[in-house]
Structure formats: C-alpha cells, structure tokens
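K.L.:
Would you mind keeping the following structure in view while I ask a few things?
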Amino acid sequence: MTFSGFPALSRRRLLVGLGAAALGSGGPPGLMRAVAGTPSGRPAGTVTALAFDQGKLLAAAAGLWISGDAGASFAPHGPGPGAAVTALATHPDLAGVIYAATLAGLARSDDAGLTWHSAGPGLPASPLDAVAIAAHDPQTVYVAVRGDGLWQSSDGARSWDFAMDRPLADQVEVDVQALASVGSLSGMGGYWVFAGTTRGVSKVPDCFCRWSSLEDTGAMQVSGDEAGAARIDPARRLPHLAVVSLALAPSVPEVLFAGLPSGIWKTTDGGSSWAAVGPAMAAPILAVDPLDPDHVVAADAGGALLSSRDGGATWADLTAA
C-alpha cells in the first residue's frame, strides 16, 4: 500500500465513518426479514452463494435454504440475512456459525441460520462481495469490500482492520469477487488468502505484504525460485478471466476449485496448474464439504445444480432429480 494516495485514505476513512453511522442506527437493513418462497424442494430464485455446515448444504437464493440430503431437496431455513447475499462462509470447527456477505454489510448467525445479527462494526458502508474464515483460525475472518479492499477481523467479527488494497491487473486495482483461506505447511508461514477477481486469481500471505497473480507466478509457494512457474504447461494455467467463486476443504489445502465463465476449474497443487472439470456451466458458484473433500456442489445463474462425489471427476444433475 502506498502513502502517496491520500485521497484514497480519506475515502476509506469516510466509508468507515458512514459504516459506523449505519450500524449505530440499527445496522444493515432487513437482517431479520423472513425467507421468501415456499418449501418447493428447490431454492427460489438464483443461487448466489453455497456453503456446508456440518454436512448440511446451505444455499442463498431469495432467502436461506438448507438441504440435509446433499442438495437433492431443499427447504426454507429460518429468517435469512435479508439483503442480497453475495457469499457465505463456514468453518468445520464452528458448528452452526455462518457469515453472510451482503450488499448491505456482514451478517452472522450462531444457530445455523435461524437468527442473524450484524457483524460488521467498523467496516465501510459499501457492498461486500466475499467473505472467508481463516482455515487455521476460525476467529479470523476476511471480507472483500467493493471498491475498497480486503478487511480482516481477528476476534470473530467484533472489530475490523483494513488489511490490503485490491489486487492489481495491468497496474489497475480490480475488485475481489471470491475469497478462500489456504493453510499449508509451505512458504511464507503457510497461510494464504486466495482472491478470485475480475481478472483471474491472486494470492497474498496472511502478513498481507504483497499480492501475486497465479497467472504470473503459477505456484502457491513463494520460495525465491519463481522461475519454476515458467515450467508449467501454458495449457494448464488458469485463464485470465473473472473468477466468481473459490472453494476448498481446509483439510486438503492443495486442492482448490474455481468458478469461471467457462465453467469449473480445479488445481491439485495449490494453484500451480489447473484443469477444467465437469460439464459446461456459466460462472458457477461452488462449495466443498469440509467433512468430505471429494463432495463438491456447483450452481449457476441458469438454474443448474450439480454435485460430484469424486472430486470433480463425475457429476450428477440435481435439478433432474
């Protein structure tokens, strides 16, 4: 982060002030609004976020929906966060705790989505596009603030600090559309934040010292020998396109799934090389079950809902059930 951009710093302070004012008047509007739709067995509206909580699948789509049978059927689940949900985050060590990034701020549920409260004191009053819980520390939470950057809480979203400006693409900051925390025993202490942006995937160690583009460096590790990335077959690089979703199981940090306009992509080496998996989907939203890392669910704006039980090798169409 440079200090020549004092207007940006002033903008950030203004946004934080506006956020505090909004929270002081009751927080983001509609956090306790009832779920829309009826128990039809399918989520109503477009699925905008997916997550697993202790083996149950959660879907944000005109409210919060829950499936106890891996997506074969859904039912409305309590009052949703209200404002349009852009991302959901859970952690295998925090049963029933769900974070929802919305266009009106951050919401948290401590009872598996039955009730919600504001969890963004001190965050800018701007839409949130992504949220992730640190793989190695469930009390550490990251959010992407549209037009601003990455913010971090180390106390379970009770307070927040600005962590990092947005990644650069062609010397221009780009918005973060998805976040994933990767905990590995290699490179820079082993803890990374991966960000899906409008121009590919970038990563930063949790010291927040410097973003690196996977398309430029190839590998997840930064060991001083970035020349190794050049040995990756260009056909195995992730396309330099918008990434709307990132998903992984914390227990298998080297395996990561990404949703692109061209469909579902997978890496098994922490981002060094990628391959397209599954049938064609338009910018799919993804979730991986932490209790079963081979269980992946994907949904797209066209209404498709797919499930894989073998890490993406084969897929079943849940909408045809």
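K.L.:
Taking the options Ala301, Ala287, name whichever one is over 23 Å from Ser212 (Cα atoms) and either hydroxyl-bearing (Ser, Thr, Tyr) or surrounded by fewer than 22 Cβ atoms within 10 Å (Cβ to Cβ) (or both).
P.N.:
None of the others qualify; the one that does is Ala301.
K.L.:
Looking only at the stretch 55-89, which residues are of a type outside the set (A, V, I, L, M), under 27 Å from Ala320 (Cβ atoms) and assigned to a loop (DSSP other than H, G, I, E, B)? Talk me through it step by step, then tell me what you get.
P.N.:
Our first condition is that a residue be of a type outside the set (A, V, I, L, M); within the stretch 55-89, this holds for 55-56, 63, 65, 67-69, 71, 73-74, 76-82, 86.
Restricting the remaining residues to those that are under 27 Å from Ala320 (Cβ atoms) gives 55-56, 63, 65, 67-69, 71, 73-74, 76-77, 80.
The answer is Gly55, Gly63, Gly68, Asp69, Gly71, Ser73, His77, Gly80.
K.L.:
Could you check the stretch 138-157 and list, in sequence order, the residues that are surrounded by fewer than 22 Cβ atoms within 10 Å (Cβ to Cβ) and in a loop (DSSP other than H, G, I, E, B)?
P.N.:
Once the filter is applied, which keeps residues that are surrounded by fewer than 22 Cβ atoms within 10 Å (Cβ to Cβ) and in a loop (DSSP other than H, G, I, E, B), the stretch 138-157 yields Pro138, Gln139, Thr140, Arg146, Gly147, Ser154, Asp155, Gly156.
K.L.:
Mind checking whether some residue in the stretch 289-298 is more than 19 Å from Val252 (Cβ to Cβ) and either modelled with pLDDT of 95 or more or basic (Lys, Arg) (or both)?
P.N.:
no
K.L.:
A follow-up question, please. Which one of these does Ala178 not meet: (1) in the same structural domain as Val288 (by TED's automatic domain parsing); (2) among the hydrophobic types (A, V, I, L, M, F, W, C); (3) outside any strand (DSSP E or B)?
P.N.:
(3)
K.L.:
Out of curiosity, is Ala135 outside any strand (DSSP E or B) and closer than 14 Å to Leu179 by Cα? If you could, list the steps in order and put the result at the bottom.
P.N.:
Values: outside any strand (DSSP E or B): yes; closer than 14 Å to Leu179 by Cα: yes.
Judged against the criteria, Ala135 is a match.
K.L.:
All but one of (1) closer than 23 Å to Asp300 by Cα; (2) at pLDDT below 95; (3) assigned by TED's automatic domain parsing to the domain that holds Ala249 hold for Gly113, so report the exception by its number.
P.N.:
(3)
K.L.:
For a quick check of your reading of the model, give me the residue pairs whose first member lies in the stretch 301-321 and is at positive phi, whose second is among the hydroxyl-bearing types (Ser, Thr, Tyr), with beta-carbon atoms closer than 8 Å and at least 6 apart or on different chains.
P.N.:
Filtered contacts from the stretch 301-321: Gly303/Thr46; Gly303/Thr319.
K.L.:
State whether one or more residues within the stretch 89-97 are on the phi > 0 side of the Ramachandran plot and either buried (at least 23 other Cβ atoms within 10 Å of the Cβ) or among the basic types (Lys, Arg) (or both).
P.N.:
Going residue by residue through the stretch 89-97, those that are on the phi > 0 side of the Ramachandran plot are 96.
Those left that are additionally either buried (at least 23 other Cβ atoms within 10 Å of the Cβ) or among the basic types (Lys, Arg) (or both): none.
Within the stretch 89-97, none of the residues are on the phi > 0 side of the Ramachandran plot and either buried (at least 23 other Cβ atoms within 10 Å of the Cβ) or among the basic types (Lys, Arg) (or both).
K.L.:
Having 1 or more residues that are over 19 Å from Ala130 (Cβ atoms) is the bar; report the strands (runs of 3 or more DSSP E) wholly within the stretch 233-286 that clear it.
P.N.:
Numbers: elements: 245-247, 256-260, 263-267, 275-277.
Filter on the stretch 233-286 gives 263-267, 275-277.
The values are calculated or read from the model by the stated rules, or taken from the named source; none is laboratory data. This one's a predicted model, so the numbers in the text were calculated from it and none came from an experiment. No Cβ is skipped: glycine too gets one built from the backbone with ideal geometry, and neighbour counts run over all protein chains shown.
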